[in-house]
Amino acid sequence: MELGHNTYFKPMGSGFNFCNSCLTDSERVLILPLSQEARELYWERLVERMLSFHDKNQQDIDSGSKSATWKVMIAHYMKRHTAVTNGWLSQNLNMGVLHGVSRYVAEFEQKKQHRYRDYKRMTATIKP
């Protein structure tokens, strides 16, 4: 696989943590740049795990509301723990226009829904 720029990972135990935003400033160490293809593959796998947690599938993505709570939970988690873009979330979760993703996630944050039991259960079950 060809290596690209701008996203980094750090060895964490037996695996790697692809989450640049999870690192403290003192931990940000350039170890290996990842290609866009590698980042997107990681995001796809993470979304698959979250869809499974919510008992959802591609049909639910296609038919569900753009602002469905489970979609916003996934988008919030992805934005908080990865370098995912609004464009990727919009396309892969069928969330409409780019600024819509930002708006849904901001509303989720403002309402403190990230403190709700379902979200906490999801974050405890699925690690980046």
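The numbers here are math on the coordinates, done by the rules we state, and not lab data. Note that this is a predicted model, so its numbers are computed, not measured. Counting neighbours? That spans all protein chains shown, and the Cβs are built from the backbone with ideal geometry, glycine included.
Assign one of three labels to segment 39-125, namely rounded, prolate or oblate, based on the Cα gyration tensor with a ≥ b ≥ c the square roots of its eigenvalues; rounded applies when a/c is under 1.5, prolate when it is not and a/b is larger than b/c, and oblate otherwise. Walk me through the numbers on the way to the answer.
On the way: a/c = 1.24, a/b = 1.07, b/c = 1.16.
It comes out rounded by the Cα gyration axes.
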Over segment 39-125, what is the relative contact order in whole percent, taking alpha-carbon pairs under 8 Å and six or more residues apart? 28 percent
Please name whichever of 57, 105, 88 sits farthest to the positive end of the charge dipole of segment 39-125, dipole taken about the Cα centre and charges placed at Cβ: Lys and Arg +1, Asp and Glu -1. 105
What full-extension length gain, to one decimal in nm, is calculated for residue 117 and residue 97 as 0.36 nm per residue of separation minus the Cα-Cα distance? 4.4 nm
With θ set to phi - 60° and the Karplus curve 6.51 cos²θ - 1.76 cosθ + 1.60, what are the ³J(HN,Hα) couplings of segment 38-53 in order, to the nearest whole Hz, using x for Gly and Pro? 5, 4, 5, 5, 4, 4, 4, 5, 5, 5, 4, 5, 6, 4, 4, 4
Measuring from label point to label point, each 7 Å out along Cα→Cβ, what is the residue 37 to residue 126 span in nm? 2.5 nm
Under the 0.36 nm per residue contour assumption, what length would be gained going from the current alpha-carbon distance of residue 44 and residue 62 to full extension? 4.9 nm
Evaluate the distance, in nm, between pseudo-label points positioned 7 Å from the Cα of residue 80 and of residue 54 along their respective Cα→Cβ axes. 1.4 nm
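Cut-off is 10 Å between beta-carbons; in what order do 108, 53 appear when sorted fewest neighbours first? Can you show the working numbers first?
Numbers: 108 20, 53 16.
Least crowded to most crowded, the residues run 53, 108.
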